[in-house]
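Novice: Following this message is one structure expressed as structure tokens.
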2 protein chains.
Amino acid sequence: MKKNDTEQIRIANRKLIINYVRINGPVARVDIGRALNLSPATITQITAELQKDGRILEISSEQESGAARGRPRILIDLAPDASSVLVVKLAINELRILLGDHKGNVVTEAVYPLQTRELNAEQLTGTLLTAITGFIKKLARRRRPKAVCVVVQGAVNGVTGEILWSPVLKERNIPLRQVIEEQIKLPTTVINDANCLAIGIRQLPAYQDLNDLVVVMLGHGLGMGCFINGVLYQGPSGGAGELGHLNYMPNGAQCLCGKRGCVEAYLGDYALFRDARMLLPFAAEDELHPTEQSMQALVDLAEAGNGELVDMFHRAGVALGYALAGVIGILRPAKIIISGPGVRSYKYLEPGVDAGLTSALVPVLSAGTEIESVALGGDQLIFGAISLALQALD
Amino acid sequence: MKKNDTEQIRIANRKLIINYVRINGPVARVDIGRALNLSPATITQITAELQKDGRILEISSEQESGAARGRPRILIDLAPDASSVLVVKLAINELRILLGDHKGNVVTEAVYPLQTRELNAEQLTGTLLTAITGFIKKLARRRRPKAVCVVVQGAVNGVTGEILWSPVLKERNIPLRQVIEEQIKLPTTVINDANCLAIGIRQLPAYQDLNDLVVVMLGHGLGMGCFINGVLYQGPSGGAGELGHLNYMPNGAQCLCGKRGCVEAYLGDYALFRDARMLLPFAAEDELHPTEQSMQALVDLAEAGNGELVDMFHRAGVALGYALAGVIGILRPAKIIISGPGVRSYKYLEPGVDAGLTSALVPVLSAGTEIESVALGGDQLIFGAISLALQALD
């Protein structure tokens, strides 16, 4: 055993405790120990340090019913103001910047419209830096952020912090982390949006014990975040989890990536909207970037009994069923959670999903994986991003 | 930190050292420490214990050229006779039992023909137990095995040791580990053949530093073994890595599993032989279980210029290319190694593999994963099985 193994374990336990309290606080010390399988001595020592640093607060809880009278229970929670971090979310034609506190809550935010697909790499990073600098300047001194998390739709190298490729940008291989760290002087993480949503969802009490969990994000495209043995898996060079480009049908529908037959070419918002326009007389709009209103209109039409749209959603569901079968065959996770804005149409996708799964995989090979759809979108994604930025400081 | 954390680290380090010496021995103590990032004190303490237990031997090496004259270098290696384990390999119509020594070598083996697909679960386990008991009885007392590793083609629950489904058997859900442990009274591991090959291949010096490695096994079907963050990943309920049943073409070719369009229905030996018989006048044989000779004959015909077979292999290669694209999209491993008996035709598959990959995935999403085909079959699989059984004893 190396001399510093004990110290490394202490640091790891400290991170575990902070993260547990962030998600579950206010909590009693004894419950933290039980949940994390740590001894009372370890909990007492580490929480005392954190209290001394002002990172946690003691709270006297209401007296519990049934507990000994007159003796309030002491709970601890993270001190919200002990730290602040910045989340920068880059989506199609929209940049969103927000400040998160130590507890994971959003303190303030701003939205900047910009034509993401018109900008070259230099214009993009320039615009981002200007917006971030301006946002920080308006904050009270005690609120100045200590770390940044950038959330991007598209393939990201989690190791180098490069955006490899994104449907919202026209350029590839943008070294975003390097640029931000050099100019803003804050430790920066760059992460794919579906990975970030997976981090946020796994912090919900219902899912935090699942070590092998896949989160599928339906939206403009189709993303995936994957926990393996309790750790978010991004692959040795980042970019794992590109479920949207799993091939569903060789030489099939045209995908935005340039290839044909990717599952997202049947299922992404842009694909559904493009196909719906072949069937119905919609007003012209940017068909590759339909608005939430337009996408909801498709669901409403299905709801009103439009058979062509019901069929279209069914076929899209079949494509998703095949993609889930691929994930199950390769990874066999305990659970797959389907989330993101695209779950708005899940009622109409679901029969197709079941049919696709049944066509693609015999039951003995899909047993052991539960599939669940939940309408958890932006909030969990943002909580995931704030906690990821905070973890860089723990 | 729990009281027994230190002890757990010591046990983990002991396992690491034994495994490292098994693969790399004979080696100098200093090289073990360097490779495993362990302190000289730890190495000295643990190797002294292992030497006292008779598990390792000291060997005086030849004097190294350039080293100080007259002072032989002390190397250590595992004592081959310190332990023995049994490997039981169940394939179509063949049961193979062999004894492995502490160093990972095969000491003796026997092959038993049996009609695997004719037997019900009780007959199968009965035959297995009789063969194992008979095999053990013939061994010298000091050679009696201390653990068993059963290698099976098909889906296995690595946690419970059940065979979930295998193309070589007619029954499903056979609790093989339980039966063997009850009757033979030895700790037993049940593992899928492709996972076992992956373990064996990762122990080769060229691959042991790759933490994110996928091994694809071409043979009767198509199997996969997957290392993630340095650990073989089988999924929480076992059975991950069913690459053969990744769907390549919805409603495509009939697969042995019952579904249509699985990649192995284009690429497994049974599929290639079935398709070749549509093209060429072959003598009748059990077309679902072609012999190695028959499969080699197809390659020889392609080699002799038969255009129909060259095309058939090309199309099979395209299917494999799509499957590899699926693995890369989801896992983005550092390397994919293609091995197993089916690499006999890789020369004719390869142009198709390249074409399939190119059709399925844009380069920015496949960058970072190397693909390599190597003709490493049975030996690495058996070494993997022996070392897995031995690890249960470390």
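Novice: Report, by residue number, each residue of segment B:253-264 that is within 7 Å of chain A (Cβ to nearest Cβ) and modelled with pLDDT under 95.
Specialist: B:CYS257, B:GLY258
Novice: Could you identify the single residue in B:LEU169, B:LEU129, B:LEU164 that is more than 21 Å from the chain's Cα centre (by Cα) and not polar (S, T, N, Q)?
Specialist: B:LEU129
Novice: Does A:LEU95 satisfy being under 16 Å from the mean Cα position of the chain (by Cα) and either more than 29 Å from A:PRO167 (Cα to Cα) or not small (Gly, Ala, Ser) (or both)?
Specialist: In short, no.
Novice: Would you confirm, using the coordinates I've provided, whether A:PRO363 is within 14 Å of chain B (Cβ to nearest Cβ) and at pLDDT below 95?
Specialist: When the stated conditions are applied, A:PRO363 passes them.
Novice: While we're here: Output the number of the condition that A:TYR233 fails; it satisfies all remaining conditions of (1) within 24 Å of B:VAL364 (Cα to Cα); (2) touching a residue at least 12 places away in the same chain (Cβ under 8 Å).
Specialist: Condition not satisfied by A:TYR233: (2).
Novice: So in segment A:172-193, with the set limited to residues that are among the hydrophobic types (A, V, I, L, M, F, W, C) and part of a helix (DSSP H, G or I), which one is nearest to the other protein chains (Cβ to nearest Cβ)?
Specialist: Here the residue is A:LEU176.
Novice: Among (1) at pLDDT 95 or above; (2) more than 9 Å from chain A (Cβ to nearest Cβ), which single condition is B:PRO250 missing?
Specialist: (2)
Novice: When you go through B:LEU361, B:LEU376 one by one, which is the residue that is touching a Gly at 6+ places or on another chain (Cβ under 9 Å) and within 24 Å of A:LEU324 (Cβ to Cβ)?
Specialist: Exactly one residue qualifies, and that residue is B:LEU361.
Novice: From the list A:THR127, A:THR116, A:THR133, exactly one residue is at pLDDT 90 or above and touching a strand residue (DSSP E or B) at 6+ places or on another chain (Cβ under 9 Å). Which is it?
Specialist: A:THR127
Novice: Also: Of all residues in segment A:357-377 being of a type outside the set (A, V, I, L, M) and touching a strand residue (DSSP E or B) at 6+ places or on another chain (Cβ under 9 Å), which is farthest from B:HIS245 (Cα to Cα)?
Specialist: A:GLY377
Novice: Consider A:PRO205 carefully, then state whether it is assigned to a loop (DSSP other than H, G, I, E, B) and either within 19 Å of A:GLN153 (Cα to Cα) or in contact (Cβ under 8 Å) with a residue 12 or more places away in the chain (or both).
Specialist: It is true that A:PRO205 is assigned to a loop (DSSP other than H, G, I, E, B) and either within 19 Å of A:GLN153 (Cα to Cα) or in contact (Cβ under 8 Å) with a residue 12 or more places away in the chain (or both).
Novice: I need the full set of residues from segment A:194-239 which are small (Gly, Ala, Ser) and either surrounded by 23 or more Cβ atoms within 10 Å (Cβ to Cβ) or in contact with a Pro (Cβ under 8 Å, 6 or more places away or on another chain) (or both), in order please.
Specialist: Within segment A:194-239, A:ALA194, A:ALA198, A:GLY200, A:GLY219, A:GLY221, A:GLY223, A:GLY225, A:GLY235, A:GLY239 meet the criteria.
Novice: Could you list all residues from segment B:208-247 that are assigned to a loop (DSSP other than H, G, I, E, B), within 11 Å of chain A (Cβ to nearest Cβ) and either small (Gly, Ala, Ser) or under 23 Å from A:LEU320 (Cβ atoms) (or both)?
Specialist: Correct list: B:GLY230, B:GLY235, B:PRO236, B:SER237, B:GLY238, B:GLY239, B:ALA240, B:GLY241, B:GLU242, B:LEU246.
Novice: For segment B:240-254, which residues satisfy the criterion of being without any contact (Cβ under 8 Å) to a residue 60 or more places away in the chain and buried (at least 24 other Cβ atoms within 10 Å of the Cβ)?
Specialist: Within segment B:240-254, B:ALA240, B:GLY241, B:GLY244, B:HIS245, B:ASN247 qualify.
Novice: Within segment A:269-317, can you find the residues that are part of a loop (DSSP other than H, G, I, E, B), of a type in the set (S, T, N, Q) and under 29 Å from the mean Cα position of the chain (by Cα)?
Specialist: Selection gives A:THR291 alone.
Novice: A further question on this structure: Looking at B:ALA385, is it closer than 20 Å to A:CYS262 by Cα, touching a residue at least 24 places away in the same chain (Cβ under 8 Å) and in a helix (DSSP H, G or I)?
Specialist: no
Novice: When both residues are 6+ apart or on different chains and their Cβ atoms are under 8 Å apart, which pairs have a first residue that lies in segment B:344-363 and is within 22 Å of A:ALA155 (Cα to Cα), and a second that is among the hydroxyl-bearing types (Ser, Thr, Tyr) and crowded, with 19+ Cβ neighbours inside 10 Å?
Specialist: From segment B:344-363, the pairs are B:GLY356/B:TYR322; B:LEU357/B:TYR322; B:LEU357/B:SER366; B:SER359/B:TYR322; B:ALA360/B:TYR322.
Novice: Go through (1) within 14 Å of another protein chain (Cβ to nearest Cβ); (2) in contact with a strand residue (DSSP E or B) (Cβ under 6 Å, 6 or more places away or on another chain); (3) buried (at least 24 other Cβ atoms within 10 Å of the Cβ); (4) not hydrophobic (A, V, I, L, M, F, W, C) one by one and return the number of the condition B:GLY321 breaks.
Specialist: (2)
Novice: Consider A:THR189 against the criteria (1) in contact with a Phe, Trp or Tyr (Cβ under 9 Å, 6 or more places away or on another chain); (2) among the β-branched types (Val, Ile, Thr); (3) in the same structural domain as A:GLU94 (by TED's automatic domain parsing): it satisfies all of them except one. Which criterion is unmet?
Specialist: (1)
Novice: Could you grab me the full set of residues in segment B:328-357 that are in contact with a helix residue (DSSP H, G or I) (Cβ under 8 Å, 6 or more places away or on another chain), over 16 Å from B:ALA271 (Cβ atoms), buried (at least 24 other Cβ atoms within 10 Å of the Cβ) and within 11 Å of chain A (Cβ to nearest Cβ)?
Specialist: B:ILE328, B:GLY329, B:ILE330, B:LEU331, B:PRO333 - these are the residues of segment B:328-357 that are in contact with a helix residue (DSSP H, G or I) (Cβ under 8 Å, 6 or more places away or on another chain), over 16 Å from B:ALA271 (Cβ atoms), buried (at least 24 other Cβ atoms within 10 Å of the Cβ) and within 11 Å of chain A (Cβ to nearest Cβ).
Novice: Of the numbered conditions (1) surrounded by fewer than 20 Cβ atoms within 10 Å (Cβ to Cβ); (2) modelled with pLDDT of 95 or more, B:ALA297 satisfies every one except a single condition; which is it?
Specialist: Result: B:ALA297 passes all but (2).
Novice: Picking from B:LYS89, B:LYS103, B:LYS170, which residue would you name as being at pLDDT 95 or above, of a type in the set (Lys, Arg) and not assigned by TED's automatic domain parsing to the domain that holds B:GLY219?
Specialist: B:LYS89
The values are calculated or read from the model by the stated rules, or taken from the named source; none is laboratory data. Since this is a predicted model, take the numbers as computed values, not measurements. In this analysis, Cβ positions are derived from the backbone assuming ideal geometry, glycine residues included, and neighbour counts consider all displayed protein chains.
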